[in-house]
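The values are calculated or read from the model by the stated rules, or taken from the named source; none is laboratory data. Bear in mind the structure is a predicted one, so any value in this text is a computation, not a measurement. Neighbour counts are summed over all protein chains in view; Cβ atoms, including those assigned to glycine, are modelled from backbone coordinates with ideal geometry. When the accessible area is computed, the model is the full protein with side chains, heavy atoms only, and any ligands, DNA or RNA have been set aside. Shrake-Rupley method; radii C 1.70, N 1.55, O 1.52, S 1.80 Å.
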Amino acid sequence: MISVILPIRNEEHFIDKTLDSILYQSDGNVEIIISNGMSTDGTREIIQKYQSESPSIQLIDNPEEIVSTGFNRALSVAKGEIIIRVDGHSEIDKAYLQNCISIMAETGADCVGGSTTHVANGITGKAVVLTQSSIFGVGGVSFRKNIKNGHYVDTLAFGAYKRKVFDEIGGYDEELVRNQDDEFNFRLIQNGGKIWLDPSIKSSYTPRNSFIGLFKQYFQYGFYKVRVMQKRRGFASWRHLVPGLFVSSILLSFFIYFLNGNLFSFKLIFIPYIVISLGFTVIAFFKSPNKILSVFLLPFTFFILHFSYGLGFLSGLVWFWNKWGDTEVKDSHFVFEKFKSNFESKIL
């Protein structure tokens, strides 16, 4: 059996497509556990309609309304030998589950996953997609590329995990509102686990379609990345540090300007940044000439993403300044006894 866990909140515009993509899989031995973060739209009603037609769907409440507690609550009742997290505004390929099983058996990896295609409507949404697909935008994250060959990575989205992984290292850290999957994958690797990214495993994801939403999302990514570094006593990639250094240099250049009125340091930072940003905008234009209006927004979108992440990172350094010695994984809503007994009762 495969357990597909969906920690969601207010997904009435996407949840039907997500559930359809899971229910239409070629492998039918699947349970779907939806952890609903007390949605205030029509999400619950849509799920209940699906439940009336499919007994494989289980709906539970997640009063804390964050992904980490929602995942852990669902994980506690999961019976699958393979466990997959899927977001409520995503769709998985029709052979996703079968390919996960095959690749896991072939590689022996503890977690397998694939590339995720970002899709969006509207000028702003498409600009966000182009930014998140650019090396300059997100630093060359492997699972956002159109990969041709499988390889080991430090993290990925919508991974399929062997059940034993949770036996050995626990559930998501509930202190993390964001980056809980990155922390978990980093923890897995630090404990000797391996994560395999394969081109046969495909999914799509609908990102934020507003600049305000993008700013809030990446501010939180940067903010909680600090806590991930503290918990894991390190970082998985140098790309996580670059936005913080970028914003620090901007703040320093403003400070120098107010001291002596000299803009040299400011120009030293922004002129190369603007040139590089425009260069990647030109590259995006030739790759996506049909999205010309969105391409023109790219320099602004690049800056929002980089500045918000960096500002969040610096804010996290201040907010969590006294937490460098606190490495405890807080996963109290993952009830290991229930997790173990559910699986044993299924076997019996």
Residue satisfying condition, being touching a Gly at 6+ places or on another chain (Cβ under 6 Å), open to solvent by 30 Å² or more (accessible area, probe 1.4 Å) and not basic (Lys, Arg), within set GLU53, GLU91, GLU65: GLU65
Can you give me the number of residues within the stretch 205-218 that are touching a Leu at 6+ places or on another chain (Cβ under 6 Å), under 30 Å from ASN322 (Cβ atoms) and open to solvent by 50 Å² or more (accessible area, probe 1.4 Å)? 0
Suppose we filter the stretch 14-52 for residues that are touching a residue at least 40 places away in the same chain (Cβ under 8 Å) and part of a loop (DSSP other than H, G, I, E, B); how many remain? 5
Quick check on ILE57: is it touching a Phe, Trp or Tyr at 6+ places or on another chain (Cβ under 7 Å), hydrophobic (A, V, I, L, M, F, W, C) and either over 21 Å from SER204 (Cα atoms) or touching a residue at least 40 places away in the same chain (Cβ under 8 Å) (or both)? yes
May I ask you to list the residues in the stretch 32-53 that are within 21 Å of LYS79 (Cβ to Cβ) and within 22 Å of the chain's Cα centre (by Cα)? ILE32, ILE33, ILE34, SER35, ASN36
Counting only residues that are open to solvent by 90 Å² or more (accessible area, probe 1.4 Å) and within 24 Å of PHE223 (Cβ to Cβ), give me the helices (runs of 4 or more DSSP H) lying completely in the stretch 250-326 with at least 2 of them. 298-319
Which of the residues that make up the stretch 312-329 are in contact with a Leu (Cβ under 9 Å, 6 or more places away or on another chain) and not aromatic (Phe, Trp, Tyr)? LEU314
If you check GLY137 against the conditions, is it out of contact with any helix residue (DSSP H, G or I) (no Cβ under 6 Å at 6 or more places or on another chain), under 24 Å from THR117 (Cα atoms) and small (Gly, Ala, Ser)? no
Return yes or no: is ILE147 in contact (Cβ under 8 Å) with a residue 24 or more places away in the chain, more than 23 Å from VAL4 (Cα to Cα) and of a type in the set (Val, Ile, Thr)? yes
If you check every pair at least six apart or on different chains, which have Cβ atoms under 7 Å apart with a residue in the stretch 183-204 that is open to solvent by less than 20 Å² (accessible area, probe 1.4 Å) first and a residue that is in a strand (DSSP E or B) and charged (D, E, K, R) second? SER203/GLU91
